[in-house]
Every structure is written in structure tokens, then in C-alpha cells.
């Protein structure tokens with residue numbers, strides 16, 4: 001069974017509760033694969049209709065509403081981001097970045113009736129125009145079970161160097 005099968009069919013998890021750890025881990029690995037392959041429309045399909053994606057600009061930032069963030073997208077802004085990434089004339093991605101992501105230390109923090117809170121570590125290497133950048137941090141996902149399978153209700157990425165000067169984050173983390 002592939003990670004996509006676990007995500008779409010719900011794996012062998014308890015259908016009455018939020019996704020089980022193996023389902024959560026399968027989704028996070030699948031998400032990283034989609035992003036590395038540049039399959040941004042498929043990545044967007046992993047999010048619920050009311051999802052949000054947040055990359056704080058300060059360590060321990062409490063809210064995306066009280067100060068500026070590196071990224072704070074609701075579903076509509078995620079759709080705009082994906083359209084821009086898919087378009088032929090995105091100057092910030094000419095040439096396109098090549099990325100490799102490692103998802104590790106996936107832990108189930110809380111399992112609710114319909115969703116699970118998951119914490120993981122992320123390392124992403126981005127290569128573009130002869131330069132390589134390294135991003136590392138902690139991800140917090142709320143994953144929910146839907147009729148379409150396990151989906152992302154929210155994603156927060158706390159970068160280790162969130163308060164450093166970062167030269168344009170175009171590719172999602």
C-alpha cells in the first residue's frame with residue numbers, strides 16, 4: 001500500500017476518530033513528495049476548503065493576526081499561490097527550484113474525534129541558479145478525516161531561522 005493509498009482510503013485507522021499516526025505520517029511524506037515533484041495542484045488538493053498555511057516570522061509567535069508573518073495563507077491565497085507557481089512567467093522561479101524534503105520525528109500530539117494534531121521535523125534543500133539553501137524547522141499539522149480521505153486543515157511551519165533575513169520564500173515548505 002502506497003502513502004497515497006493510505007491517505008485516500010484511510011489506511012487501517014480507526015474511522016471513528018482522527019487519523020492514526022501511520023495515516024498522518026503517510027500524508028506528510030506524500031505532501032513532501034508532491035512538493036518536491038512540483039505537483040502543486042495535487043498538493044493544494046490535500047487541504048480542506050477552510051484550511052490555512054502559516055510560517056511565522058518570530059520564534060514562538062502566538063498569532064498570525066497580531067504581527068506580520070513570512071506566509072499566512074487561507075484557502076483562497078493558497079489557490080493564488082498555486083496558480084502563480086503553475087504559471088509560465090513567475091520571475092521568482094525562473095529557472096524553477098529543485099527541492100528535496102525530509103520529514104522526520106512524526107508524533108501524534110492529540111487525537112480528537114474528527115482530527116489529529118501532529119508535530120514533525122522538516123528539512124528542505126532548495127537549489128536554484130547555482131545556489132543551495134537549507135531550511136529546517138518544526139511543522140504542526142491538524143489533519144482531519146474527510147469523505148475524500150485524510151486532509152490538511154492547518155499547517156504551521158516554525159523555521160529555525162524565521163527571524164533571519166530570508167531571500168524570498170516562493171516554494172512552499
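The values are calculated or read from the model by the stated rules, or taken from the named source; none is laboratory data. What you see is a predicted model; the values in this text were computed from it and never measured. Cβ atoms come from the backbone with ideal geometry, glycine included; neighbour counts cover every protein chain shown.
Would it be correct to say that residue 134 is assigned to a strand (DSSP E or B) and surrounded by fewer than 13 Cβ atoms within 10 Å (Cβ to Cβ)? It is true that residue 134 is assigned to a strand (DSSP E or B) and surrounded by fewer than 13 Cβ atoms within 10 Å (Cβ to Cβ).
Across the stretch 109-127, not a single residue is classified as part of a loop (DSSP other than H, G, I, E, B) and at pLDDT 95 or above. Checking the stated criteria, residue 42 turns out not to satisfy the condition of being at pLDDT below 95 and either buried (at least 19 other Cβ atoms within 10 Å of the Cβ) or part of a helix (DSSP H, G or I) (or both). Scanning the stretch 118-128 for residues that are more than 21 Å from residue 165 (Cβ to Cβ) and free of Cβ contacts under 8 Å to residues at least 40 places away in the same chain yields a total of 2.
Out of curiosity, is residue 48 at pLDDT 95 or above and at negative phi? Don't jump to the end; show me each part of the working.
Numbers: at pLDDT 95 or above: yes; at negative phi: yes.
The answer is yes for residue 48.
How about the stretch 129-163: which of its residues are touching a strand residue (DSSP E or B) at 6+ places or on another chain (Cβ under 7 Å) and without any contact (Cβ under 8 Å) to a residue 60 or more places away in the chain? Within the stretch 129-163, 132, 133, 134, 135, 136, 137, 138, 140, 142, 160 qualify.
Residues in the stretch 1-38 that are out of contact with any strand residue (DSSP E or B) (no Cβ under 7 Å at 6 or more places or on another chain), closer than 22 Å to residue 123 by Cβ, surrounded by 14 or more Cβ atoms within 10 Å (Cβ to Cβ) and at pLDDT 55 or above: 7 in all.
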